[in-house]
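Everything below concerns the one structure shown next.
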Amino acid sequence: MSKDDSTNWGHLTVETACPLDCPDTCSLAVSVERGRITKIDQSPKHDATQGFICSKVRRFSDRIYGLDRLHHPGRLKPIGVKGQGEFERVSWNQALDTIAKRMCHIRDTFGADAILPISYGGSNGLLSQDTADAQLFRKFKTSRLARNVCAAPTTAVTDALYGRMPGVAYDDYRHARLIVVWGANPSTSGFHLVPHIDAAIDEGAALIVIDPRRTALAKKADIHLAVRPGTDVVVALAIHRFLFENGFADTDFLKTHTLHSDKLRAEADNWPIERAAAVADIDAELLERAAELYAEISPAVIRCGWGLERNRNGGNAALAVLTLPAVAGKFGVRGGGFSMSSSKANAFDENSWISTDEPDTRVVNMNHLGRALNEYTDPPVKMLFVYNCNPAVTLPHQNLVLEGLKRKDLFTVVFDQVMTDTARWADLVLPATTFFEHYDIALSYGHGNLQLVQQVIEPIEDARPNTDVFSELASRLGVDIDEFLRTDMESVMHVAGTLSETVREELLTNGITTRPKPVQFVDVFPRTSGKKVDLFPQKLDQQSLNGLYQFRSDKNQDRYPLTLVSPATDKTTNSTLGELRPRLARLHINPSDAESRDLSTGDVARIFNDLGEIHCAVTVNPDLKRGVLNLPKGLWRRSTMNGSTANALVSDDLTDIGEGACFNDTRVQVTRIVTAELESQNIAIWTDAPTRSSNEVH
Ligand SMILES: Nc1nc2c(c(=O)[nH]1)N[C@H]1C(S)=C(S)[C@@H](COP(=O)(O)OP(=O)(O)OC[C@H]3O[C@@H](n4cnc5c(=O)[nH]c(N)nc54)[C@H](O)[C@@H]3O)O[C@H]1N2
Ligand SMILES: Nc1nc2c(c(=O)[nH]1)N[C@H]1C(S)=C(S)[C@@H](COP(=O)(O)OP(=O)(O)OC[C@H]3O[C@@H](n4cnc5c(=O)[nH]c(N)nc54)[C@H](O)[C@@H]3O)O[C@H]1N2
Ligand SMILES: [Mo]
């Protein structure tokens, strides 16, 4: 379908794909009437979709046509206060002229690295970042961003161990006789895996879930190890030790395919089952039973998630978990091995299409945005250009980030689809298209296929795709952008052109490529030197803060006895769609932690540590491990009573390997501030949380 055809009138169904940040990337069939989306449903084109899509995307038109949608560029009103979302409408020309002028002024006064572009996945389409934007910022020599908020430790570890070896395909979980779901919650964060797990269980497969929460899958599991967050490394090492000690290590495999198993064994020796179980606060017998099942049953697959990486030991946890299939010899059969992210497993090199090299400018780790805005001096950050990201709510040390955004001498541009919590702090807001309004390519990091994201409707009001906006800004700055990266459509065609002929044909003709279902160590091998798995990679050892396979205990445990985790829920994708959640969020707490604090469901509590506090109602929930609290990620500031999300309590400490975020390493205390009874009488409780703003920019 072309951009200028008959979308404005009549009824039609357009096939596209959902590129949102989820492993599933569903095929969609979208009904359009008179240029307006009337229904979003699954398309049978993609058999992984299995006839259903999530309720979030089904309701995505509530975002497209919703009250929070940004319709026009806007600038902070002359008497406007930052943070209040008070904007007046300007034209695209005015907006881009202002930005270009400001960028030149900053470059000439402070140096171009006083400009910090900050972006992450956005809609997570392959081309809504690292096309024109990357070329512009590289050529202008702004500060660079280390995009480490997610998957940095697990990516560093999988790359070092296995290169870009694709994982076990979801369909192949049916062939597994043992499934280990470790630090992942597919029931919310990639739920098309669940039917395959169910099918395997129906055929007699055993299920082990390792998670501090009794998730939906944990309830079905044969063994649930409710580990203390941050202790997975020792749990996995105890299983390694069990394998080595009891003759279950696959010596042939280790000899042929791996290096340095002796070094791994020496580290594992430090962790007998009882010692690991005590540190992880789990039953030693249960851990031993899990080790036995893993030793004895094949095919066995580990679904390794991202929940286990988000703590001080996250890199070593991923390392100890992902080396298990090598030591136990679980590869070489369908349904055996591991799945992590498959995004790197494709035949082409991501980002190879940015023809401009990275400049040698300052690198800012996005987990340190608060520090960068408040503390960096050489030069200070004078312009923040936010797109594809909502840092005011999603990044660690929220209060420091907000403190930075308050700075009067910081010029903040926010380019987004809706008036996010970050956009409210902007000097200039720019309206972006959603994935129904532009072309893109969706690359699944679950099943690994590519799909065409088709434009379904015309952009709403003045919304524009990233490619077009960055190309136009570049031309105002006298920066050359490759012709083939100047629009969404051209970028898609260009990147398609870099694919092998067969894959390109499939993508452009069918809209989807064939889903790979390789057997690890039969069809695919580590893309490492000599195809070997180095179980003690020197590169990681040098990077690691305290060596490999090491556990660091938590120094804050005495002052703040509870650990707050903030995993994904089925209500939002990160903070995307959070605007459609009017109900206030609830903190979940285990009954015994609640009782000792005299807390009941419905009471309002203060959750706090040295970094900040959150006020919200609690729900007493026996599915949480004792000592662990849960407040989901993806909340908007209006979702709690005082405008703080979980990140107000998350420190900006980095993981042991990969410099990732420690979201689940958050030590806190909780006290009651209002009882459920008073709360139900509508006693006025303070609220700093922003409410929806309404002004002409929308
Ligand atoms: N609906 C929906 N889907 C999503 C997302 C979303 O926000 N919403 N986000 C997407 C993105 S960006 C990502 S990265 C993935 C993440 O998806 P997942 O890999 O599922 O990661 P999380 O949701 O962070 O956490 C998964 C589980 O880890 C547990 N956990 C927390 N700390 C620990 C620990 O120390 N050890 C162990 N063993 N478990 C722990 C949590 O209780 C949780 O149940 O999901 C993607 N899919
Ligand atoms: N406490 C806690 N915090 C977390 C996590 C956690 O586990 N706990 N998880 C972390 C993880 S895994 C991740 S991945 C990060 C994600 O954090 P972010 O990268 O901030 O993700 P989103 O909140 O979804 O913000 C993406 C924004 O991009 C906008 N957008 C979408 N498409 C486009 C586009 O084409 N153009 C433009 N200009 N904008 C677009 C969306 O409207 C949305 O506002 O959050 C992290 N934050
Ligand atoms: Mo993520």
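A few comments on the model shown:
- In the range 562-679, Cα pairs under 8 Å separated by at least six residues give a relative contact order of 38 percent.
- The lysines whose alpha-carbon is closer than 21 Å to the alpha-carbon of K220, local same-chain residues fewer than 8 away aside, are K625.
- FRET E, pair D252, D541, Förster distance 22 Å, beta-carbon r, rounded to 0.05: 0.25
- Percent of C-alpha pairs per 5 Å bin, the range 562-679, short to long: 2, 13, 22, 24, 21, 12, 5, 1, 0, 0
- Loop-located GluC sites (Glu not before Pro) in the range 449-494 whose Cβ has at most 13 other Cβ within 10 Å (DSSP): E461
- Long pairs among K56/K330; K408/K571; K141/K406; K101/K408; K539/K633; K77/K101, criterion Cα-Cα beyond 28 Å: K56/K330; K408/K571; K539/K633
- Extending 7 Å from Cα along the Cβ direction at E358 and again at M493 yields two label points whose distance is 3.1 nm.
- Full-extension gain in nm, E33 to E203, via 0.36 nm per residue minus C-alpha separation: 56.7 nm
- Lys/Arg +1, Asp/Glu -1 at C-beta; the chain dipole; positive extreme among P272, S261, L243: P272
- Charge dipole (the chain, unit charges on Cβ, about Cα centre) - positive-most of A605, A432, V321: A605
- With the simple spin-label model, which puts each label point 7 Å out from Cα in the Cβ direction, the D480 to K220 separation comes to 5.7 nm.
- Length gained on full extension, E245 to S91: 48.4 nm, using 0.36 nm per residue less the C-alpha separation.
- Given the chain, longest segment not containing exposed loop trypsin sites (Lys or Arg not before Pro) (DSSP; at most 11 other Cβ within 10 Å): 35-407
- Among W353, W92, W271, sorting on how many other beta-carbon atoms sit within 10 Å of each Cβ, with the fewest leading, yields W92, W353, W271.
- Per-residue ellipticity at 222 nm from helix content only, as computed over the chain with -39500 (n - 2.57) for each DSSP H run of at least four residues, stands at -7500 deg cm²/dmol.
- The Rg/Rh ratio of the chain, with both radii computed over alpha carbons and Rh defined as the Kirkwood radius, is 0.96.
- Contact order for the chain, expressed relative to its length and based on alpha carbon pairs under 8 Å spaced 6+ residues apart, stands at 21 percent.
- Cα gyration tensor shape of the range 327-443, rounded if a/c is under 1.5, else prolate or oblate by comparing a/b with b/c: prolate
- In loop segments of the range 265-356 as defined by DSSP, the GluC sites (Glu not before Pro) with at most 16 further C-beta atoms inside 10 Å of their C-beta are E350.
- The range 457-565: radius of gyration over Cα atoms, expressed as a fraction of 2.2 N^0.38 Å: 1.84
Every number in this text was worked out from the coordinates using simple rules, so none of it is lab data. This structure is a prediction, so every number in the text was calculated from the model and none was measured. Here Cβ is always computed from backbone atoms with ideal geometry, including for glycine, and neighbour counts include all displayed protein chains.
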